[in-house]
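The values are calculated or read from the model by the stated rules, or taken from the named source; none is laboratory data. It should be emphasised that the depicted structure is a prediction, and the values quoted were computed from it without experimental measurement. Ideal geometry is used to build each Cβ from the backbone, glycine not excepted, and the neighbour counts take in all protein chains shown. Areas reflect the complete protein model, heavy atoms only, side chains present, ligands, DNA and RNA absent. Shrake-Rupley method; radii C 1.70, N 1.55, O 1.52, S 1.80 Å.
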Amino acid sequence: MQQYETYMKKCFKLALRGEGKTSPNPLVGCIVLNSKGEIISEGFHAKYGENHAERDALLKITPEIANGGTVIVNLEPCSHYGKTPPCADLIIEYGIKKVVTGMRDVNPIVAGNGIKKLTDAGIEVVEGILETEAKKLNEIFITNQKEKRTFVALKTATTLDGKIATSTGDSKWITSTKAREEVRRIRKKYDAILTSSSTIIADNPTMEHKNKIILDRNLKTDLKNANIYKSGKIYVFYDKTLTPPKIAGIDFIPTPVKNGKLNIEFILKSTYELGIMSVLAECGGRLNGSIIDYADKIYHFIAPKIISDNTAKSAFDGKDVQFIKDTLNFKFDEIKTFKPDIMLTYYKLRD
Ligand code: AOF
Ligand code: ZN
């Protein structure tokens, strides 16, 4: 068992090499051991549409050397004809005698059928090795498959007293270079970043990314000159009663307005329909106060600074909570250090 966990961790590492490139498909890594228990191959799902991890690992070796061996993979091998034939069939053809998995596939066309195919062929299957970690690795894929919606992450960077800027709007820089480099790495995990007109107007950020979602209700950002519009595919959500200009490279999406705000539910439904499986929201307090209702995961950078001014801008704003029993509740996940700052990750506590 201990040995399987070590190998499973190696599968996670291999899987992560495809991070940011496999959407809407999962992150998968695979190791093959020969009958003596020695590693003879490894593989991973590198990019959407390319070979699955198991196929990638097995095609590097012959059935002769794999015969009687073990396949270790973080996701149940597939049983369907998709972009490639079923991985379960290839595993059987290669004479593998044992398969060790991290989690069952949540894709309904596979869900247990891969395991069944393998056991029907007389292969021993050991399931659920580091299952919690395996599920976390594919939290986006699981949310997409089970809930048919875009996974929503939110990033904020605050002082110890939860502020993102002083009362005059000064925010450069609350966190250190190291912390900001980590933000750039986090962005790559997501299909799109999401931000708002107020952030664009206040900070004129670039937010390097292949897909950018901008919430600009009144079309008041500088659509021609603001840095954010200079690269990537842009989606601008705006009040549907207005008429947007025609600008190459920008998709304007008319959006219903509710209580003076763009309807977030509509926006998140649209992102899913656009094939955007995950977003990272990086906004100011007001929008954060709305998005937080839909957020799955929060990356919260904290600098060891205190502003101590109730007119300074808060990371989350706009709710009217009278009692502690009415707060939004979360579950802490991990703490990482980016000296001198820390990054706290937490998840929405769902009932
Ligand atoms: C992957 N990579 O390594 C594994 C996957 O679109 P297709 O035909 O490639 O099939 C995608 C499904 O295959 C995916 O939803 C998941 O259920 C299963 N396993 N997919 O992209 C992999 N092992
Ligand atoms: Zn497969």
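For segment 220-314, which strands (runs of 3 or more DSSP E) that fit wholly inside it have 3 or more residues that are more than 16 Å from TYR190 (Cβ to Cβ) and either open to solvent by 60 Å² or more (accessible area, probe 1.4 Å) or touching a helix residue (DSSP H, G or I) at 6+ places or on another chain (Cβ under 8 Å) (or both)?
By residue number, 250-255.
State whether one or more residues within segment 162-184 are under 14 Å from the mean Cα position of the chain (by Cα) and modelled with pLDDT of 95 or more.
yes
Restricted to segment 57-79, and to residues that are within 15 Å of ligand 1 (Cβ to nearest atom) and open to solvent by 40 Å² or more (accessible area, probe 1.4 Å), which residue is nearest to PRO108 (Cα to Cα)?
LEU59
Would you pick out the residues in segment 41-77 that are under 27 Å from the mean Cα position of the chain (by Cα), among the β-branched types (Val, Ile, Thr) and more than 11 Å from ligand 2 (Cβ to nearest atom)?
Correct list: VAL71, ILE72.
Going by what's in this entry, would LEU118 be described as near ligand 2 (Cβ under 9 Å from one of its atoms), surrounded by 19 or more Cβ atoms within 10 Å (Cβ to Cβ) and more than 27 Å from the chain's Cα centre (by Cα)?
When the stated conditions are applied, LEU118 does not pass them.
In segment 78-104, how many residues are more than 14 Å from ligand 2 (Cβ to nearest atom), without any contact (Cβ under 8 Å) to a residue 40 or more places away in the chain and of a type in the set (Lys, Arg)?
Counting residues in segment 78-104 that are more than 14 Å from ligand 2 (Cβ to nearest atom), without any contact (Cβ under 8 Å) to a residue 40 or more places away in the chain and of a type in the set (Lys, Arg) gives 1.
Could you grab me the full set of residues in segment 121-176 that are in contact with a Leu (Cβ under 8 Å, 6 or more places away or on another chain) and open to solvent by 20 Å² or more (accessible area, probe 1.4 Å)?
Result: VAL125, LEU137, ARG149, LYS155.
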